Structures are given as C-alpha cells and as structure tokens.
Amino acid sequence: MKLQTPQLYLIFTTLANPWYVNVSVQALTSNAKESPQILNTNICSTAQGRTSKCEVELDVPASCVKTDATSDCPIVFFFHGAGGTNDWFAKTSGVHEANMIGVYPQGENGWNTGPKDSNVCQWDDFSCTEDPDEGAFIAAIIKELRDELGANGNIYLNGNSNGAALSMRIASNAGADLPIRGVITKVTQLLASPPRSGPGVLNYNQPEAGGPKVSVLNLMGTEDKVIPYEGGSSSVFGQDENFQLMAALESMAMWALHNDCSEDAPEITADVVYSNSEDANGEATFYSYQGCPEGVIVEHYALHGAGHTFGQKAALDGVEIDYAMAFEFINRLEGTDLPVVPSPVASPGGGGDDNSACEDDPEWRGKFNADHTCGYVAESPSSRCNWENTDGVKASKACKVACDECDTGGRDPVTTSSPTASPIENLYCEDDPLWHGKMNAEHDCDFVALDPLVRCNWVSADGLKATDACEKACGEDCLL
C-alpha cells in the first residue's frame with residue numbers, strides 16, 4: 001500500500017475542468033514497513049522528460065521522525081537498474097531496521113546516463129528539453145525533502161548497474177543542489193569519456209577538481225561481460241564509441257585523488273570470502289585508499305569470477321551486500337557504532353532459515369531483454385524458467401519463487417504456477433531483438449530465420465554470431 005504525503009490543495013472547479021494548486025507540504029510523517037508514501041506528485045509533473053511512469057516513493061520509519069516533525073536520519077536513495085522498477089525496495093531495503101529514510105525513484109526505462117533509443121536528442125545536446133534531466137530530477141527530490149518536509153539528514157546514493165551509473169553521475173555533480181555525502185555502487189565505474197552527456201547543467205561524468213568530497217564504496221565483478229572491469233566500450237552504449245569506461249581501479253584512483261586521499265597505492269586485502277546462495281567459497285580483493293580527510297572513505301571490492309550479478313544473498317566476509325554492507329558503510333560515515341543490520345528477506349511463507357532464503361532475485365534479467373524479469377518469468381514458468389541472463393544464470397536459479405524452486409522443508413508445496421517443465425517444454429528459446437548483421441540493420445533474427453543454413457553464421461558489427469544471438473532462428477533443438 002502506498003500513501004500520499006500530507007499536502008494541502010486548493011481546488012478550483014470550472015465548467016471545463018478542475019485543476020489543482022499544491023500550496024504546501026508542511027510535515028514529515030512516518031509509514032508502516034512495506035507501505036511507502038508517494039512523494040509530492042508535482043516533482044514528476046514538472047520534471048523534464050518524465051512520463052506517467054514517474055513516481056518517487058518515500059519510506060520513513062517512525063524512529064526517524066522527531067516531535068517537531070523533522071528528521072536527522074540518513075537519507076538513502078535506491079536506484080534500480082536498466083529496465084528495472086522501484087517496486088522491490090520497500091520490501092527489501094531494510095531502512096526500517098537501519099533507522100534510515102529510503103527514497104525509491106522510478107526511472108524512465110532506466111536512467112539517462114548514456115545513449116538511449118528512447119531519447120529524442122543527441123547525447124551532446126545539453127540544451128535538450130525533451131529527454132530526462134536526471135540531475136535536475138534528483139535535485140528537485142532533495143529540495144522537497146529538505147525545504148518542505150524537514151528531512152535534514154545526510155544524503156546517500158545506492159545503485160546497481162544503470163542505477164550505479166546514475167549514482168556516479170550524481171556524485172560527480174555534487175554541490176549545493178546535490179549535497180551527496182556518499183555512494184554505494186555495484187557493477188559500474190566512472191566514464192572516461194565523454195566529459196558531459198545528456199540535458200542540463202548537472203551532467204558531468206567525472207568529479208570536478210576542487211568539488212565537494214564524496215565517499216565511495218564500489219563493488220565490481222572481474223568477469224562482467226556487460227560492464228568490463230578493465231573498462232573500455234560496452235554494449236549498453238549501443239556501439240557509440242564516444243562512451244568509454246575507465247578501468248575499475250582507474251575510476252577508484254580518480255575518486256581518491258578528488259577526495260585528497262594519499263597518492264600512495266591503496267591497502268590491499270586478498271582472500272576476502274565472497275559467498276552467495278550457490279557458492280560459499282568465492283574470493284574477493286579489498287582495496288582501501290589511505291590518507292583521506294577525516295570523514296571520507298574510498299573503498300573497492302573486486303569480486304573474482306563474478307559477472308554483472310553477484311548471486312542471491314551475496315556477501316563479503318559474511319556481510320550481505322544488499323544492503324547490510326551499504327548500511328555499515330553509511331554508519332561509519334555517520335560516526336555511529338550501530339550493528340550491521342541483516343537484509344530482510346521477502347519470503348513467501350515464513351518459517352525456518354532454509355525457507356527464508358527463497359526469493360526472486362530483483363536484479364535478474366533475461367539476456368535478450370531487460371524487461372524479462374522474474375515477474376515476467378512467473379507468467380509462463382514452464383517455458384521461461386530455462387532462460388539465462390548474460391552471465392549464464394538460469395531463471396530457475398535466480399527466480400526461485402517464480403519457478404517453484406523453494407525448499408519447503410519437507411512439506412508439500414502449494415502449487416501457484418504451472419507444473420514443472422518437461423524436457424520438451426524447456427526447449428523454448430528466444431531471439432535477441434537488438435541483434436542484426438554487420439552489413440545491414442534489417443538483417444535481424446527474423447531475417448536469419450528465413451534461411452538459417454546460410455545466415456546463422458553471419459556476425460554483427462561486434463562479432464556476435466547469429467547462432468548465439470538468434471537461438472530461436474538457429475537452434476536445432478528449439479521449439480519455434
């Protein structure tokens with residue numbers, strides 16, 4: 001259930017239509033866990049490039065509201081990835097246990113941090129008024145929190161993938177409009193180029209020399225095929241070579257330099273235990289940048305062998321990444337000595353420890369379409385639970401609720417979806433809707449399917465064979 005934040009409206013009715021004027025929002029109020037409020041809707045209606053998808057959820061624990069209806073609790077923005085939604089955060093963020101305020105904005109098919117098919121303007125048209133201006137949007141949310149609601153705590157950003165790219169972008173533009181204290185970013189680093197992109201003035205891609213200091217906790221998989229650990233180009237930029245990523249450690253060195261940390265090499269701790277629900281014996285390397293000013297932290301984890309996702313219940317030395325590690329980082333910056341808060345689990349049935357681990361991974365996406373989430377898999381589990389993401393993780397592993405893969409502790413499961421797929425049903429495949437041959441943009445998977453014996457050996461401009469991208473068109477074992 002979502003509640004509207006308290007607002008006062010004047011309502012003027014004419015024969016033509018009613019219209020509303022938002023007069024003021026005077027008080028910060030708390031809400032029950034998993035029942036976030038909807039922040040002032042005028043933020044969406046006046047923000048550039050926003051559609052009816054726009055929404056900003058506000059999650060305020062009772063412990064964060066003082067008797068004068070203000071708050072000094074840390075404020076944590078949670079940014080979803082490309083194609084994701086803000087629907088999960090109220091259930092999974094854990095802000096009520098951590099005594100922090102959660103802010104969950106909804107992006108427009110992701111966040112405008114690079115070239116997008118949905119954009120009207122070119123990426124270097126800074127005066128564009130049609131495409132989302134992400135810097136202005138986040139600044140407007142912060143202004144509402146500060147000026148209208150009296151939420152005065154430090155601002156932190158937590159993002160994954162495209163959401164991490166937005167966090168890096170916003171942190172790079174930190175200042176009076178974007179007073180960012182720290183960021184927690186998963187699976188992306190700073191852009192090496194271009195210096196600016198997208199509409200507006202809060203659109204710089206690297207931190208400005210002499211700008212406000214921003215603490216950074218960054219985590220990346222060394223085998224990420226989407227956002228390469230060593231930097232360079234990425235498929236997320238649509239083959240636009242103007243967009244180049246820094247190497248992960250180069251990005252961290254820039255943040256260390258920006259924050260006036262020591263020029264010496266960071267302290268390195270090997271053999272950090274990286275675990276998830278599938279493997280308890282992974283390894284990570286921890287980089288801690290020394291000599292930073294008091295109150296500034298710059299840290300990086302390289303998760304060896306990890307791809308663009310870290311797996312369910314991923315943890316480092318026993319501390320879950322989502323979101324206990326983020327809260328521990330924030331508590332250190334706040335100067336508090338609070339215990340690490342275990343990340344809550346949206347379990348379908350409650351009960352023992354085994355069953356508490358049964359959940360759908362909110363970050364999992366099918367490798368050919370960012371809209372192919374666990375929710376989408378649940379609509380047809382008999383055919384879709386065999387799908388994979390870009391790291392080769394099957395939906396049957398990531399979407400345990402959707403695919404009825406939960407351990408029920410010996411009890412008969414309640415059937416909520418189609419029966420377990422037969423070997424034949426698992427042979428359904430899908431084509432990559434974005435793939436096309438390097439010689440002609442019209443040579444897509446449908447075109448390949450007209451003559452698969454010849455065309456399945458064709459390659460795209462980046463060397464990806466049709467046999468790999470057009471599974472439905474080229475797969476001999478697929479049911480078409």
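The values are calculated or read from the model by the stated rules, or taken from the named source; none is laboratory data. On a predicted model such as this, the values are computed, not experimentally measured, just so you know. Here Cβ is always computed from backbone atoms with ideal geometry, including for glycine, and neighbour counts include all displayed protein chains. Calculation scope for accessible area: heavy atoms of the full protein, side chains included, ligands and nucleic acids excluded. Shrake-Rupley method; radii C 1.70, N 1.55, O 1.52, S 1.80 Å.
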Flagged in the range 164-204 as within 24 Å of Leu303 (Cα to Cα) and assigned to a helix (DSSP H, G or I), in numbering order, are Ala164, Ala165, Leu166, Ser167, Met168, Arg169, Ala171
Log entry, pairs with first residue in the range 297-312 being at negative phi and modelled with pLDDT of 95 or more, second being among the small types (Gly, Ala, Ser) and assigned to a strand (DSSP E or B), beta carbons closer than 6 Å, six or more apart or on different chains, reads Ile297/Ser215; Glu299/Ser288; Tyr301/Ala284; Leu303/Gly221; Leu303/Ala284; Ala306/Gly221; Gly307/Gly221
Conditions (1) assigned to a loop (DSSP other than H, G, I, E, B); (2) surrounded by fewer than 22 Cβ atoms within 10 Å (Cβ to Cβ); (3) not polar (S, T, N, Q) -> Pro207 fails only (2)
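Within the range 67-80, is there a residue that is in contact with a Lys or Arg (Cβ under 7 Å, 6 or more places away or on another chain) and either at pLDDT below 95 or closer than 30 Å to Lys186 by Cα (or both)? Please lay out each step first, then the result.
Going through the range 67-80, the residues in contact with a Lys or Arg (Cβ under 7 Å, 6 or more places away or on another chain) turn out to be none.
No, the range 67-80 contains no residue that is in contact with a Lys or Arg (Cβ under 7 Å, 6 or more places away or on another chain) and either at pLDDT below 95 or closer than 30 Å to Lys186 by Cα (or both).
Looking at Val236, Val216 in this structure, which one is under 17 Å from the mean Cα position of the chain (by Cα) and more than 24 Å from Ala315 (Cα to Cα)?
On the way: Val216 fails: more than 24 Å from Ala315 (Cα to Cα).
Result of the check over Val236, Val216: Val236.
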Pairs returned, first residue in the range 236-248 that is more than 18 Å from Gly163 (Cα to Cα), second residue that is surrounded by 16 or more Cβ atoms within 10 Å (Cβ to Cβ) and of a type in the set (S, T, N, Q), beta-carbon separation under 8 angstrom, 6 or more apart or interchain, are Ala247/Gln189
Counted residues in the range 287-312 being open to solvent by 30 Å² or more (accessible area, probe 1.4 Å) and within 26 Å of Ala398 (Cα to Cα) come to 5
Condition set over 21 Å from the mean Cα position of the chain (by Cα) and among the polar types (S, T, N, Q), scope the range 239-266, selection nearest to Ser193 (Cα to Cα): answer is Asn242
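Looking only at residues that are touching a Gly at 6+ places or on another chain (Cβ under 9 Å) and not acidic (Asp, Glu) in the range 257-271, which one is nearest to Ser172 (Cα to Cα)? I'd like the intermediate steps shown before the answer.
Of all residues in the range 257-271, those touching a Gly at 6+ places or on another chain (Cβ under 9 Å) come to 258, 260-264.
Cutting the leftovers down to not acidic (Asp, Glu) gives us 258, 261-262.
On the way: His258: 10, Cys261: 17, Ser262: 20 Å.
It comes out as His258.
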Cβ pairs under 6 Å, 6+ apart or interchain, first in the range 103-114 and within 16 Å of Val236 (Cα to Cα), second of a type in the set (A, V, I, L, M, F, W, C) and part of a loop (DSSP other than H, G, I, E, B), ordered by first then second residue, are Gly110/Ala82; Gly114/Phe243
